[in-house]
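Right, one structure below, let's go through it.
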Amino acid sequence: MYLEELTGSIRLEDQEIECKARLDRIKPQGWLKTVCGFSNAGGGTLFLGVEDKSFKLIGLTRKEADSERNYFNNQINEHISPRPSYTVSFLRYEVNQKELFIIRVDVDESVYKPVILKYDGVPAIYMRRQGFTNGATYEEIIEMSRNSKTAHYDMLATDVDYHPEDFQDLFAFCRERNDGKNVLTEKALTSMGFITDEGKLANGALLFRDGYQSDKTEIHCSVFSGFTKGSERIVSLNKYRGNIIGGIQYMLEYVRQRMNHSVIKLSDSRLNISAYPDRALFEGVINAVAHRNYEMDGTQIQLSIFRDRLEIVSPGGFYQREKIQKTYDLSSIISKRRNELICNVLVRCNAMEAAGTGFEKIEEAYRSAGERYRPYICSETDHFKLVLPDLTYEGGTQDEDIPALESLIVANGTKHDKKVMSYCYGEAHTVKQIAAFLGISDSSYLRKKILGNLVETNCLIEVTVDGKKAYRTNREAL
C-alpha cells in the first residue's frame, strides 16, 4: 500500500512533502533540519511511517505511533526556537486486519523568523528548497529577519497546559506585594499572554512554575574577600536553579544575610546603616531578572559581593541599544523591554513599575551618601552590570579603571580637573558622560571653563568616538 492510496492524492517528495520510515533517534538533527527548513520556508508536511523513496507505507502500531509523537514533540521543544507551529494527526489503515497508523505532521510557515535549530550547543538556520533542506544563505537570513513579525521570546506559546496549582510561589509573592490580594486572576493572566486562548502556557510563564529547573534561570552568588575576582579568595559561592520568584528571593536573602552593617553616632542618637539600601537592592535584583536574555543558554545572573561594592551582572546587553560605557547617570537610561510578559507579571505583582523608574529609585536611595558612593551601570553586547557601593566601607567604591591623580596643577583650573583627568585616563568620554560622572549639568561652564581649559593646557585631547566629540587624558603631559 502506498501513500497516495491513503491520502487520495499523488504527490512526490517535493518542496512541501517529506517522508520518513521512523524518526532517527541516534542523529535526530537530520529530521529536525527538515522541520526547521519548513518553518523558515512556506511550511510543509512530514509523514512518518512511509518509505522516503518509494512512498510505500511501513506503518506504525498504536503504541509506536504514540511513542513517535511524544519523541517528536520533546525534540522540537528542546532544540528548535522559536517553537514552530505544527499539527500532528494520525491516519489509520488496516493490513490483513491489523491496525496500523501513519503520522502526519503539518508544519506552518513561521511568522517569527529565522527559526533556529540548536544541537550540541551549535545554532544553525535551515531553508527548504526544491525538496532539499540546506543551510540558509546570508541573504535569506536577512530577508527572513526583515519580513518577520517582532515577537518577544517569553510571549511565544508552548504546548504545556495551564494549571493554577503549579504557580503557588507566584501567587504568594503577588499577595505579599499587594496587601494580601492576588491580582493575577486567570482572566488577567490570559489578557497579558501568560495563558493562550487554548489554555497553554507561554515561554515566560514556564519560568514561574513551581519546581521549575533549568539553566535559563541559573544564578551564581559569590562573596570575595577583596576588591577583584582574579586575585582574591572566594569566601562563599552558591548556585540557584529554580523559578523566577525563588530566584528573586534567593538573591535578596543572600545579600541581606551577608552584607555589612554600621552605626553612626549623632549628637543625640545613633543611626543604623546597612551596606546596601534595601530599595536599591530590590530594584537591582528585579532589573536583572526582568531584562535578562533567557535565550542565552549556559549563562547565569552573577551576583558578587566585594569589600566595597555589590555587582549584579545579567546576561544580555540592554535590549535594542548600543553598548553603554560606565555611567553614573542612571536616570538617563531608558531600558526597552526584552521580556514583555515577565515584565508585565512583575508589574502586576507590584515588584516593578510600568514606567520603568527602577534606576531612578536606585539613584534616590544613594543620593545623600556622597560622590564616592554613587551607583553606576555599564553594558556590553552580552551582559549588563549594575554596581551598588557598600555604604559601610570607608572611602567609597574603589575603581581600578580610574587612577587617583594626587598632584595636578592646571593654569586657570577648577576643582573638577583631577576628577576629569582621572575619568578620561583609561578611555575617552563624551561631554554627557563626563557631566554625569561629575554630577553636574552639561553646561557652557563644563564645556568651556573645565574641558576647554584642559584642552588648551594640553591636559586633555579631543577625539571622536562613534561620531561624537569626546575627550581623553594626555598621559604624556602628566
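The values are calculated or read from the model by the stated rules, or taken from the named source; none is laboratory data. Note that the structure is a prediction, hence the values are computed from the model and not measured. Here the Cβ positions follow ideal geometry from the backbone for every residue, glycine too, while neighbour counts run over all protein chains shown.
If Val122 satisfies all but one of (1) modelled with pLDDT of 90 or more; (2) within 30 Å of the chain's Cα centre (by Cα), what's the number of the condition it fails?
(1)
Quick one: Arg279 ticks every box in (1) surrounded by 20 or more Cβ atoms within 10 Å (Cβ to Cβ); (2) outside any loop (DSSP other than H, G, I, E, B); (3) touching a residue at least 60 places away in the same chain (Cβ under 8 Å) bar one, so which box is it?
Result: Arg279 passes all but (1).
From the list Val35, Val88, exactly one residue is surrounded by 14 or more Cβ atoms within 10 Å (Cβ to Cβ), in a strand (DSSP E or B) and β-branched (Val, Ile, Thr). Which is it?
Result of the check over Val35, Val88: Val88.
With respect to Leu252, is the statement that it is surrounded by 20 or more Cβ atoms within 10 Å (Cβ to Cβ) and under 18 Å from Phe224 (Cα atoms) true?
Numbers: surrounded by 20 or more Cβ atoms within 10 Å (Cβ to Cβ): no; under 18 Å from Phe224 (Cα atoms): yes.
So Leu252 fails the test.
Select from region 39-65 the residues that are of a type in the set (Val, Ile, Thr) and over 13 Å from Leu6 (Cα atoms) and write down the one among them that is surrounded by the most Cβ atoms within 10 Å (Cβ to Cβ).
Step one: filter region 39-65 for residues of a type in the set (Val, Ile, Thr), giving 45, 50, 58, 61.
If we keep only those that are over 13 Å from Leu6 (Cα atoms) as well, we get 45, 61.
Working: Thr45: 16, Thr61: 13.
Per the stated criteria, the residue is Thr45.
Could you check region 442-451 and list, in sequence order, the residues that are surrounded by fewer than 14 Cβ atoms within 10 Å (Cβ to Cβ) and touching a strand residue (DSSP E or B) at 6+ places or on another chain (Cβ under 9 Å)?
Listed by number, the list is empty, since nothing qualifies.
With (1) crowded, with 18+ Cβ neighbours inside 10 Å; (2) modelled with pLDDT of 85 or more as the list, and Met144 as the residue in question, which single condition is left unmet?
(2)
Across region 149-177, what is the number of residues that are in contact with a helix residue (DSSP H, G or I) (Cβ under 9 Å, 6 or more places away or on another chain) and buried (at least 19 other Cβ atoms within 10 Å of the Cβ)?
Residues meeting the conditions: 10.
Could you list, in sequence order, all residues of region 48-71 that are in a helix (DSSP H, G or I), in contact with a strand residue (DSSP E or B) (Cβ under 7 Å, 6 or more places away or on another chain) and either of a type in the set (Gly, Ala, Ser) or farther than 15 Å from Glu99 by Cα (or both)?
Residues satisfying the conditions are Ala65, Glu68, Arg69.
If you go through region 99-112 one residue at a time, do you hit one that is modelled with pLDDT under 85 and either within 19 Å of the chain's Cα centre (by Cα) or hydroxyl-bearing (Ser, Thr, Tyr) (or both)? Steps first, answer last, please.
Step one: of region 99-112, the residues modelled with pLDDT under 85 are 111-112.
Next, only the ones that are either within 19 Å of the chain's Cα centre (by Cα) or hydroxyl-bearing (Ser, Thr, Tyr) (or both) stay: 112.
Yes: region 99-112 contains one or more residues that are modelled with pLDDT under 85 and either within 19 Å of the chain's Cα centre (by Cα) or hydroxyl-bearing (Ser, Thr, Tyr) (or both).
Restricting attention to region 40-78, and to residues there that are more than 24 Å from Glu109 (Cβ to Cβ) and β-branched (Val, Ile, Thr), which single residue is modelled with the lowest pLDDT?
Ile58
What are the residues in region 178-204 that are touching a residue at least 60 places away in the same chain (Cβ under 8 Å) and in contact with a helix residue (DSSP H, G or I) (Cβ under 7 Å, 6 or more places away or on another chain), if any?
Step one: filter region 178-204 for residues touching a residue at least 60 places away in the same chain (Cβ under 8 Å), giving 178, 183-184, 188, 192-194, 202-204.
Result: Val183, Leu184, Ala188, Met192, Gly193, Phe194, Ala202, Asn203, Gly204.
Residues to consider are Asn272, Asn287, Asn260, Asn243; find the one that is within 26 Å of the chain's Cα centre (by Cα), assigned by TED's automatic domain parsing to the domain that holds Val347 and modelled with pLDDT under 95.
Numbers: Asn272 fails: within 26 Å of the chain's Cα centre (by Cα); Asn260 fails: within 26 Å of the chain's Cα centre (by Cα); Asn243 fails: modelled with pLDDT under 95.
Asn287 is the lone residue from the list that is within 26 Å of the chain's Cα centre (by Cα), assigned by TED's automatic domain parsing to the domain that holds Val347 and modelled with pLDDT under 95.
Give me the pairs: first residue in region 119-135 and at negative phi, second residue part of a strand (DSSP E or B) and of a type in the set (Phe, Trp, Tyr), beta-carbon distance under 7 Å, and six or more apart or on different chains, which are they?
Thr133/Tyr126; Asn134/Tyr126; Gly135/Tyr126
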